[in-house]
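Here is the structure we will look at.
The values are calculated or read from the model by the stated rules, or taken from the named source; none is laboratory data. The shown structure was predicted, so the numbers you read here are calculated from the model rather than taken from an experiment. Note that we place each Cβ from the backbone using ideal geometry, even for glycine, and neighbour counts take in every protein chain shown.
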Amino acid sequence: MYLTHDPIDLAALITQVSSAEHGGIATFTGAVRSSHASREVVVLSYSAYGSMAEHECAAIVAEAEKKWPVRVALAHRIGDLVVGDIAVAVATASAHREEAFAACRWVIDQVKARVPIWKRETYADGMVAWVDPTAPDGIVLARPDAEAARG
Amino acid sequence: MYLTHDPIDLAALITQVSSAEHGGIATFTGAVRSSHASREVVVLSYSAYGSMAEHECAAIVAEAEKKWPVRVALAHRIGDLVVGDIAVAVATASAHREEAFAACRWVIDQVKARVPIWKRETYADGMVAWVDPTAPDGIVLARPDAEAARG
Amino acid sequence: MAITVHTLLFARYAELLGADQLTLTLPEGIKAGEAVTQVRNQHPGNALPSTVLLAINGRQATLDRPLHDGDELAILPPLAGG
Amino acid sequence: MAITVHTLLFARYAELLGADQLTLTLPEGIKAGEAVTQVRNQHPGNALPSTVLLAINGRQATLDRPLHDGDELAILPPLAGG
């Protein structure tokens, strides 16, 4: 299981990939930022197409472990997060730091490109928007009356 | 203080660089590996030219924070470590993951290139060697009668 | 012969259409892109964007993929994970 | 006039010379590389490598840097941190 409603424990991911032969461990954690699209974020709600997201995460981990001599751990949080909460974490362990860094960077890039997860931001002024990397300013305002449709 | 005789706490380094504006955190930790130069390592003893090492670490952190919009934390352990112990850890936080990764990678490379720290390996067969990246097989055997000179 | 395709909508698209699931009855051999056009036509006031990402049975798929009875068709907004 | 240079040896070099500190009395104006040659000559059986890294007062320095009274000269084995 790569998706979780519980807080992400980076130390547990590091333990998962650590071994006596893999001395170099790179990690990336993405935490909820206080501002986006020049607005003050108070809640960031993550939703997913769960079964496909699990499959894509597993495929990304398997591909990384095939591309490099690394062990990979990955977790992505779902649900309502506040500023500072960890949304995604990757840990990669290798005998050599070059490969740990390369794999870590590749995995987080692939997660952003391939895993069906969406973000809905609530701002301090009460406005709500969907994060959309294809939109000119990165967001599309949500309909204020559409609470029921939150994925 | 960047050098420490105590175990390195990666979570504390992450906390040190985290902020509401810096959502992307990259880390690198280097742990003692079980084998080096085809030998089984049991103890890895780190020594340093302490005052210069502290100065170089501070300079590396300051230079990284000037090169990229990042916050950097760094710790290097000194003393006798066993397999699995963390010897060095870097955490970099940025608003964007590219900069966090670039700075993290640069800092660990600089630490290896600039900070006056040395490693003395004791192997399972009782042999002792100094790690020397300039030597053909990466080590120079130590004199077995020279225990008193350990830095 | 008609086929039944279970259609999933997510995030902003679920909001636009006011539903996160639709059961579509479609002619056999229909392509995924044509099914999306049908969804779009059924909800004219809340049109989906002209280009959407699709998945069939949990794997990304192109618009020209034929649909089969019992398929799960997912219409995906731009991904925003991480 | 003679100057006093506090010389530090580390790791394998301390092992080679059996000491981690030496107090050198040197002629004024001597260069760092010449001081290293003097250390090498004083310990002929345990010669330092022909090329060494140097630091003066805690900053990396080249062989041609002149030494001054009270300087701290460090002779550094190949760095192996990380």
Given the conditions (1) in contact with a Pro (Cβ under 7 Å, 6 or more places away or on another chain); (2) under 28 Å from residue B:143 (Cβ atoms); (3) not aromatic (Phe, Trp, Tyr), every one holds for residue D:29 apart from (2)
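So that you can scan it fast, the table gives a plain yes or no per residue for (1) touching a helix residue (DSSP H, G or I) at 6+ places or on another chain (Cβ under 7 Å); (2) part of a loop (DSSP other than H, G, I, E, B); (3) in contact (Cβ under 8 Å) with a residue 24 or more places away in the chain:
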residue: B:92; (1), (2), (3): yes, no, yes
residue: B:100; (1), (2), (3): no, no, yes
residue: B:106; (1), (2), (3): yes, no, yes
residue: B:109; (1), (2), (3): no, no, no
residue: B:126; (1), (2), (3): no, yes, no
residue: B:130; (1), (2), (3): yes, no, no
With the structure loaded, tell me whether residue A:73 is touching a strand residue (DSSP E or B) at 6+ places or on another chain (Cβ under 6 Å), small (Gly, Ala, Ser) and within 13 Å of chain C (Cβ to nearest Cβ) or whether it fails that test. no
Quick one: is residue D:25 at pLDDT 95 or above, of a type in the set (S, T, N, Q) and closer than 17 Å to residue B:116 by Cα? no
Just the residues that are surrounded by fewer than 19 Cβ atoms within 10 Å (Cβ to Cβ) and at pLDDT 95 or above, please, taken from the stretch B:128-139. none
Do you know which residues across the stretch C:30-82 are in a loop (DSSP other than H, G, I, E, B) and of a type in the set (Ser, Thr, Tyr)? C:50, C:51, C:62
The stretch B:81-92, subset away from chain D (no Cβ under 14 Å) and farther than 18 Å from residue B:110 by Cβ, residue surrounded by the most Cβ atoms within 10 Å (Cβ to Cβ): B:83
Which members of the stretch B:121-135 meet the condition of being of a type outside the set (Val, Ile, Thr) and more than 7 Å from every other protein chain (Cβ to nearest Cβ)? B:121, B:123, B:124, B:125, B:126, B:127, B:129, B:135
Filter the stretch B:24-64 for residues that are modelled with pLDDT of 95 or more, of a type in the set (S, T, N, Q) and out of contact with any helix residue (DSSP H, G or I) (no Cβ under 9 Å at 6 or more places or on another chain) and give the result. B:45, B:51
Checking residue C:19 against (1) part of a helix (DSSP H, G or I); (2) at the interface with another protein chain (Cβ under 9 Å from one of its Cβ atoms); (3) over 18 Å from residue A:117 (Cβ atoms), only one condition comes out false. Which one? (1)
Quick check on the stretch D:15-22. Is at least one of its residues modelled with pLDDT under 95 and closer than 14 Å to residue D:66 by Cα? no
The one condition residue B:11 fails out of (1) in contact with a Leu (Cβ under 9 Å, 6 or more places away or on another chain); (2) under 19 Å from residue A:108 (Cβ atoms); (3) without any contact (Cβ under 8 Å) to a residue 24 or more places away in the chain is (2)
For residues in the stretch A:94-113 being basic (Lys, Arg) and either more than 7 Å from every other protein chain (Cβ to nearest Cβ) or buried (at least 20 other Cβ atoms within 10 Å of the Cβ) (or both), which is farthest from residue B:111 (Cα to Cα)? A:105
Per-region count, the stretch D:66-82, residues within 12 Å of the chain's Cα centre (by Cα) and not β-branched (Val, Ile, Thr): 7
Can you tell me which residue among D:61, D:55 is within 25 Å of residue B:76 (Cβ to Cβ) and either of a type in the set (S, T, N, Q) or facing chain B (nearest Cβ under 8 Å) (or both)? D:55
The correct count of residues that are surrounded by fewer than 22 Cβ atoms within 10 Å (Cβ to Cβ) and either under 21 Å from residue B:85 (Cβ atoms) or within 7 Å of another protein chain (Cβ to nearest Cβ) (or both) in the stretch B:19-37 is 7
Need pairs with beta-carbon distance below 8 Å; first residue at pLDDT 95 or above and within the stretch C:55-78, second of a type in the set (Lys, Arg); sequence gap 6+ or separate chains. C:56/C:65; C:60/A:114; C:63/C:31; C:64/C:31; C:65/C:31; C:66/C:31; C:67/C:31; C:77/C:12
Considering only residues of the stretch B:38-60 that are at the interface with another protein chain (Cβ under 7 Å from one of its Cβ atoms) and buried (at least 19 other Cβ atoms within 10 Å of the Cβ), which is nearest to residue B:110 (Cα to Cα)? B:52
Given (1) modelled with pLDDT of 95 or more; (2) closer than 30 Å to residue B:90 by Cβ, identify the lone condition not met by residue D:33. (2)
Does residue A:148 count as surrounded by fewer than 18 Cβ atoms within 10 Å (Cβ to Cβ), at pLDDT below 95 and either in contact with a strand residue (DSSP E or B) (Cβ under 6 Å, 6 or more places away or on another chain) or assigned to a helix (DSSP H, G or I) (or both)? yes
